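The values are calculated or read from the model by the stated rules, or taken from the named source; none is laboratory data. Predicted model, so just to flag it, every value in this text is computed and none were measured. Cβ: placed from backbone, ideal geometry, glycine included. Neighbour counts: every protein chain shown.
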Amino acid sequence: MAQTMKAGKEVLAALKARGIGCVIKPAPREVELSLLPGAKPAEARELLYKALNGLEPRFSVFLRGLPACFMPDAWDHALYSKKPGRSYVRFAACGRCSLAALCPGLEKGGAFDGPARRLLAPVLPAPAELVLELTKKCNLNCRLCFSSNSPETLPLAALKRALKEARALGVRSVRFTGGEPFMSPSLLPLLKEARHLGFYTLVNTNAALDDAALFKKAAPLMDNVLVSLQAPGPAEEKAATGADFKVKLANMRVLRNGVPVFRLGTVASKSFIRGFGRWRALAVKLEADIWELYRPMPDGRGAARSGDFDLGPADLKKLSRLAAETEKSGLKTLIANPAPLCLVPQAERKNLLGAAFDDGHTRLVLDPRGFYKPSYYIEENLGASLKAAWDSPYRRRLVSFDWLPARCRGCRWLLKCLGGSRALARAASGTYFAGDPWL
């Protein structure tokens, strides 16, 4: 313990010497980083990123007093708000920033209102990720799926044009999903095209098609794969999805061995929480890099889930505890879709991703019907152009937070929580622009 404390003091002293303040709060597992008076922003930024990356696996890290545009790749860590009695100015790039509705601008006469302004870049002027829903068709019949099994699909040429537009806008990642994307003849050609264009490639799959050769061909073209894990054994798998468990396990081994990042994803239910140990044992056996747990979302008609999938805040608290315990055993476990972070202890909040990957915050989905939409569950037609969809008034309203209660808009966790789920807000109240029912 004495050696750990000594090492910690040495790290703090090194950061201070480079103009970076660091406050550690051990009990809630939080760290706040800031710039000290007289610090040189250009020199400090690189060290701030390194410190954040080193601390984030074990702590919730905040960047106090730094506008998000100073470290746009860490926008969700920013604690930046208007100070009483201070004046603020905006500059041209503010109009392209996704956080413009929350940010007061630059403090007049502050550290960034001068030469350091050249260091600033708007947050998410384009999506970080493009999601291509290649098909609505699926080989399974899951009780919890939102997909409609409808026949729409886009021609390969149109999907390639979407990739090129995304790359021109600076999008870094592309995700292929469905339905079941391995049922689309476009998947392999698109993975090759995405590789050629320099994208980071992700695929969501149930891994249940009886075609091992197809998975072997696709694996070298993928950087990251997410496989749905909805049952811990053959009988449960048959009942939950209709899949052949042996086929699924064999394909998962192919993907585990052939794809750099192998993730598992499980939609939570009451029975899942009760029998959590069996699922966890399987996730460990499959050597998952990350196990993602999901709050149940509305079905394909926008209705809230019922029965086994009708979870409440108490269930989320249990799930959060289970995720924290699992991570201690070496398996990184996250609650990866929207849920209000205020429901769980602060020490567990680093294991919740909030709504970052939903509701139009960081990515858009190209529907097989030919239009972009904010997420899988929000079928609002934002148009056929990725740039126009991203800049659309509807998406900007969706991520503006003006529909949140005042206590949420002023919460220091807002950029991590992002207000919970828009899809579940609509299921509960009839509109996307309302509070999450769990708030």
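A few points about this structure:
- Taken together, the residues in the range 154-169 that are free of Cβ contacts under 8 Å to residues at least 12 places away in the same chain and outside any helix (DSSP H, G or I) amount to 1.
- Residues in the range 208-218 that are in contact with a helix residue (DSSP H, G or I) (Cβ under 8 Å, 6 or more places away or on another chain) and surrounded by fewer than 18 Cβ atoms within 10 Å (Cβ to Cβ): Asp210, Asp211, Ala212, Leu214, Lys216, Lys217.
- Here Pro151 clears all of (1) over 23 Å from Ser34 (Cβ atoms); (2) modelled with pLDDT of 90 or more except the condition numbered (2).
- Filtering the range 380-408 to residues that are in contact (Cβ under 8 Å) with a residue 24 or more places away in the chain and either farther than 27 Å from Asp310 by Cα or out of contact with any helix residue (DSSP H, G or I) (no Cβ under 9 Å at 6 or more places or on another chain) (or both) leaves Ser385, Leu386, Lys387, Ala389, Trp390, Arg395, Arg396, Arg397, Val399, Ser400, Asp402, Pro405.
- Residue selection: Lys332 fails the criterion of being charged (D, E, K, R), modelled with pLDDT of 95 or more and either farther than 17 Å from Phe59 by Cα or in contact with a Leu (Cβ under 6 Å, 6 or more places away or on another chain) (or both).
- Pairs with Cβ under 6 Å, 6+ apart, first in the range 272-294 and touching a residue at least 40 places away in the same chain (Cβ under 8 Å) and in the same structural domain as Ile335 (by TED's automatic domain parsing), second in a helix (DSSP H, G or I) and hydroxyl-bearing (Ser, Thr, Tyr): Arg280/Thr326
- A single entry from Ala324, Ala347, Ala423, Ala336 fulfils the requirement of being surrounded by fewer than 19 Cβ atoms within 10 Å (Cβ to Cβ), in contact (Cβ under 8 Å) with a residue 40 or more places away in the chain and not assigned by TED's automatic domain parsing to the domain that holds Phe62: Ala347.
- Members of the range 170-196 found to be touching a residue at least 40 places away in the same chain (Cβ under 8 Å), assigned to a helix (DSSP H, G or I) and of a type in the set (A, V, I, L, M, F, W, C), listed by number: Met183, Leu187, Leu190
- The listed residue being modelled with pLDDT under 95 and either β-branched (Val, Ile, Thr) or under 25 Å from Cys94 (Cβ atoms) (or both), out of Arg363, Arg396: Arg396
- Remark: Leu286 falls outside the filter, which requires a residue to be within 21 Å of the chain's Cα centre (by Cα) and surrounded by 17 or more Cβ atoms within 10 Å (Cβ to Cβ).
- Residue selected from the range 123-138 under the condition buried (at least 18 other Cβ atoms within 10 Å of the Cβ) and in contact with a Gly (Cβ under 8 Å, 6 or more places away or on another chain), by the criterion nearest to Ser375 (Cα to Cα): Glu133
- Every test in (1) closer than 17 Å to Pro338 by Cβ; (2) buried (at least 19 other Cβ atoms within 10 Å of the Cβ) is passed by Phe401 save one, and that test is (2).
- Thr362 satisfies every condition listed in (1) more than 24 Å from Leu414 (Cα to Cα); (2) among the hydroxyl-bearing types (Ser, Thr, Tyr); (3) touching a residue at least 60 places away in the same chain (Cβ under 8 Å) except (1).
- Any hit, the range 101-115, residues being assigned by TED's automatic domain parsing to the domain that holds Gly258 and without any contact (Cβ under 8 Å) to a residue 60 or more places away in the chain: no
- Any helices (runs of 4 or more DSSP H) falling wholly within the range 322-439 and containing at least 2 residues that are closer than 24 Å to Ala166 by Cα: 386-390, 393-398
- Qualifying residues in the range 175-198 (those that are at pLDDT 95 or above and in contact with an Asp or Glu (Cβ under 7 Å, 6 or more places away or on another chain)) - the one surrounded by the fewest Cβ atoms within 10 Å (Cβ to Cβ): Thr177
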